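Let me begin by presenting the structure, written as structure tokens, before commenting on it.
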Amino acid sequence: MLASILILLSAIGVIGANSLLLSPLVTAVGSDLHVSAAQVMQAASAYGLGVAAAALVLAPLGDRIGAGRLLRIALVFLAIGLAASALAPNVLGLMAAQALCGLAGGAALPSIYTLAVTIAPKGREAQTMGAVLTGWTVSLVLGVSAGAWLTDLLGWRAVYIVLSVGTVVLWMLSSGL
């Protein structure tokens, strides 16, 4: 059960880190793509719109195909979106990639919450959910800070590559969920 909690916590961590990442990277991304900070932040808006759309349209699929299966599918698309973010040739490419990340994140989150309750021992659902939700704190503290540090060290694209590779690892580890 501990491994499952860590996988779910980490998935929230990646989703949360991506949702917050563009703000501290805005100068580096804007400089590299030759656009304004406002244009870079439109990619963050595209992410948010993707999350909202997925919550309405894709999240209910979890009831039909199972939360674990939907999470695994969402992790594949999240990894693709993160890799596409790293490879974005321009701000429109980044916006499209972030919209895909948003769709994947919006599909994954309800599945994660469902799985947290499902894997919990009877009577410990709230404690298990609390442990999984720690992923939001991890994304705020570690994800954003590490992203800013890695950007200074290797550039903003490296941050998205690391997140994409991490998501692939989560996908591989999530087969038992």
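The values are calculated or read from the model by the stated rules, or taken from the named source; none is laboratory data. Computed from a predicted structure; not experimentally measured. Every residue, glycine as well, gets a Cβ built from its backbone with ideal geometry; the counts of neighbours run over all protein chains shown. Quick note on the areas: whole protein, heavy atoms, side chains included, nothing else; ligands and nucleic acids left out. Shrake-Rupley method; radii C 1.70, N 1.55, O 1.52, S 1.80 Å.
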Margin query: With a 1.4 Å probe and all protein chains kept in place, how much accessible area does Ser36 have, in Å² rounded to the nearest 10?
Written below: 50 Å²
Notebook entry, point to check: In a GNM of the chain with a 10 Å cut-off on Cα contacts, which of Ala44, Ala158, Ala11 has the highest mean-square fluctuation?
Noted result: Ala158
Item checked: Cα→Cβ-extended label distance, 7 Å offset, between Met41 and Ser175, nm -> 4.4 nm
Notebook entry, point to check: Any idea of Asp152's accessible area? Nearest 10 Å², probe 1.4 Å.
Noted result: 140 Å²
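Evaluate E = 1/(1 + (r/R0)^6) for Thr118 and Ala53, where r is the Cβ-Cβ distance and R0 equals 25 Å; express this FRET efficiency to the nearest 0.05. Provide the component values of the computation, followed by the final result.
On the way: r = 25 Å, r/R0 = 1.01.
In this case the efficiency is close to 0.50.
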Notebook entry, point to check: Over the heavy atoms of Met172, what accessible area does a 1.4 Å probe trace out, to the nearest 10 Å²?
Noted result: 110 Å²
Margin query: Please report the spacing between the Cα centers of region 61-126 and region 12-32 in Å, no decimals.
Written below: 17 Å
Next item on the list: Report, to the nearest 10°, how far helix 37-57 tilts away from the longest principal axis of the Cα atoms in the chain, using its own Cα long axis and a range of 0 to 90°.
Entry: 20 degrees
Check: How high is the FRET efficiency from Val76 to Ala3, r the C-beta distance, R0 25 Å, rounded to 0.05?
Finding: 0.80
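Could you give the length gained on full extension between Asp63 and Leu153, defined as 0.36 nm per residue of separation minus the Cα-Cα distance, in nm?
So the chain would gain 28.1 nm between Asp63 and Leu153.
Please list Leu58, Leu21 from largest to smallest accessible area, probe radius 1.4 Å, with all protein chains kept in place. The partial results should precede the final answer.
Numbers: Leu58 55, Leu21 0 Å².
From most exposed to least exposed: Leu58, Leu21.
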Margin query: Here are a few candidate values for Cα Rg over 2.2 N^0.38 Å: (i) 1.38; (ii) 1.00; (iii) 1.17. Which one was actually calculated from the structure I just gave you?
Written below: (ii)
Item checked: the chain: angle of helix 125-138 to the longest principal axis, Cα-based, in degrees nearest 10 -> 10 degrees
Note to self: Rounding to the nearest 10 and keeping the result within 0 to 90°, find how far the Cα-based axis of helix 91-119 lies from the longest principal axis of the chain.
What the structure shows: 20 degrees
